[in-house]
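A short worksheet on the structure shown next.
The values are calculated or read from the model by the stated rules, or taken from the named source; none is laboratory data. These numbers were taken from a predicted model, which means no experiment stands behind them. Here the Cβ positions follow ideal geometry from the backbone for every residue, glycine too, while neighbour counts run over all protein chains shown.
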Amino acid sequence: MRRLCELVALSLSISASSTWAVEATGSMTAEEVSALAREVSARVEQIRGAHFTRPVSVRIVDAATARAHFRERLLKFWPPDQVRYDQRVYEQLGMLKPGTDLMKTLLDVLEEQAGAYYDPENDTFFVLKGMPRSTAPVLMAHELTHALDDQRFNIDGTLAKLKEDDDRATAYTAVVEGTGTVVMSLFMLQEIQAGRLSMNAVTELQKSEAGQAAKLQAAPPLIQRGLIAPYQIGQAFLLHGDPTQYATFRPSDADRAFKDPPQSTEQIIHSEKYWDPARRDAPRIVNLPDLAGTLGAGWKQVATGTLGELTLAVLTGLGPVDLASTRSAEPQNWTNRAATGWGGDTYQHYANGPRALTVLAGVWDTQEDAAEFVTALKPLPGRNAWRRGDTTVVIAGDAPMAQEALAEAVFTALAKGRAAGTPTAH
């Protein structure tokens, strides 16, 4: 899910500035938007328990400009060859239908959902034209929270360091978006209690979000869940597992999670595995050497990464999110029995001309957990799975030898890696 996280990171937006273009946004003029941003930023500081350190320039753009910006930034971190490799991984493992245009699908959904986004490279907050006055303060509260956190914790820099660990990057993005979501929710509650925000405006916001979610609803579960998860389970994580208990939010918890980020989506979904020292569960390293020599002449490893519990739940059958449900943010809706008990994993993707192969190796908390994972994988042409004790191997694609023989070689390599003595955390 790493690439999906980078798309989510595009929505990071930032602080109030006095340098707005003279254009109208929805029913507001640029000057009104600027004044509103300054007002909201002060409230965000109070809720978040921190202060802005610098102003950031703000630009108002149309949808076409935003889409071009999304694509440019995405291709900078996700070159076309890598897009193709990642898409084949998802297709071979069974999480995307063959022929899915991954880039187009992501950009379509992002364009549909975006109201504002932040580009950390030039420290600019972009607002799309059409933001209505009634709901603008609530949306700004979320975005201005990202501004504060980016200034203090260098969000983009941290994501860059995590670029080879998909699952860990997803967990960090859940901290980022979860913080924005909690602060926005608290801001909205304060506005309602003070009489500054009517329930009609809240209804308008909900209808607006629902009406702009057609492409998100239609997206494959891998994409839909990858884009929504950081907001939903990130919020629940910061509230120690209960997404409704906003009164329990402590700014110091968010600070801790930024300074000592969770290491996996398992820790995000099962928040006690992060917050409770006695139950903290760090991922295990899965040592899988480059298998190109085993595969034979012409084969080359072209991609590697970690899927984690969140993505393995999709792999084992977890379907789309019910966006209309008020309980969609509850952690149990983001995993299943087959993915629970995850200990660690790594995948490798190999290419040889038009031929391609994906190897996924995982370790589990118990042998029973491993067996549940393998059992949950529905039959899929070209994909097979094996278990040995608490270790699983999935092979999908154009193996140059019998898949069972390759699986045996993978199990042998994993056993040697485990004997080398690198069993736990990153």
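Tabulated data for the structure shown
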| item | result |
| --- | --- |
| Strands (runs of 3 or more DSSP E) lying entirely in the range 327-426 (those with 1 or more residues that are surrounded by fewer than 22 Cβ atoms within 10 Å (Cβ to Cβ) and without any contact (Cβ under 8 Å) to a residue 24 or more places away in the chain) | 383-388 |
| Total residues in the range 57-101, condition crowded, with 16+ Cβ neighbours inside 10 Å, of a type in the set (S, T, N, Q) and under 30 Å from Met140 (Cβ atoms) | 1 |
| Residues that are closer than 30 Å to Leu357 by Cα and of a type in the set (Lys, Arg), drawn from the range 272-293 | Arg284 |
| Candidates Leu222, Leu310, Leu318 - the one that is in contact (Cβ under 8 Å) with a residue 40 or more places away in the chain and in a loop (DSSP other than H, G, I, E, B) | Leu318 |
| The range 286-302 - residue that is of a type outside the set (Gly, Ala, Ser) and in contact with a Phe, Trp or Tyr (Cβ under 8 Å, 6 or more places away or on another chain) and, of those, nearest to Gln403 (Cα to Cα) | Leu295 |
| Filter result for Arg43 (modelled with pLDDT under 85 and among the basic types (Lys, Arg)) | no |
| Total residues in the range 220-231, condition in contact with a Lys or Arg (Cβ under 9 Å, 6 or more places away or on another chain) and surrounded by fewer than 24 Cβ atoms within 10 Å (Cβ to Cβ) | 1 |
| Residue in the range 124-137 that is under 19 Å from Phe52 (Cβ atoms), assigned to a helix (DSSP H, G or I) and at pLDDT 80 or above present | yes |
| Scan of the range 293-316 for residues that are of a type in the set (A, V, I, L, M, F, W, C) and surrounded by 17 or more Cβ atoms within 10 Å (Cβ to Cβ), ordered by number | Leu295, Trp299, Val302, Ala303, Leu307, Leu310, Leu312, Ala313, Val314, Leu315 |
| Unique residue being surrounded by 19 or more Cβ atoms within 10 Å (Cβ to Cβ), farther than 28 Å from Lys163 by Cα and modelled with pLDDT of 65 or more when the list is Val109, Val33 | Val33 |
| Options Ala292, Ala254: the member that is of a type in the set (A, V, I, L, M) and in contact with a helix residue (DSSP H, G or I) (Cβ under 8 Å, 6 or more places away or on another chain) | Ala254 |
| Search result, residues across the range 165-178 that are over 13 Å from Ala229 (Cα atoms) and either over 14 Å from the mean Cα position of the chain (by Cα) or crowded, with 23+ Cβ neighbours inside 10 Å (or both) | Asp166, Arg168 |
| Filtered residues of the range 243-273 (kept if over 26 Å from Gln46 (Cβ atoms) and assigned to a helix (DSSP H, G or I)) | Thr265, Glu266, Gln267, Ile268, Ile269, Glu272, Lys273 |
| The one condition in (1) modelled with pLDDT of 85 or more; (2) among the β-branched types (Val, Ile, Thr); (3) within 25 Å of Val321 (Cα to Cα) that Thr145 fails to fulfil | (3) |
| Considering residues of the range 39-56 that are surrounded by fewer than 16 Cβ atoms within 10 Å (Cβ to Cβ) and charged (D, E, K, R) only, the residue farthest from the chain's Cα centre (by Cα) | Glu39 |
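For every residue, the table says whether it meets (1) of a type outside the set (Asp, Glu); (2) farther than 21 Å from Ser264 by Cα; (3) not in a helix (DSSP H, G or I).
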site: Arg152; (1), (2), (3): yes, yes, no
site: Ala174; (1), (2), (3): yes, no, no
site: Ser185; (1), (2), (3): yes, yes, no
site: Glu191; (1), (2), (3): no, yes, no
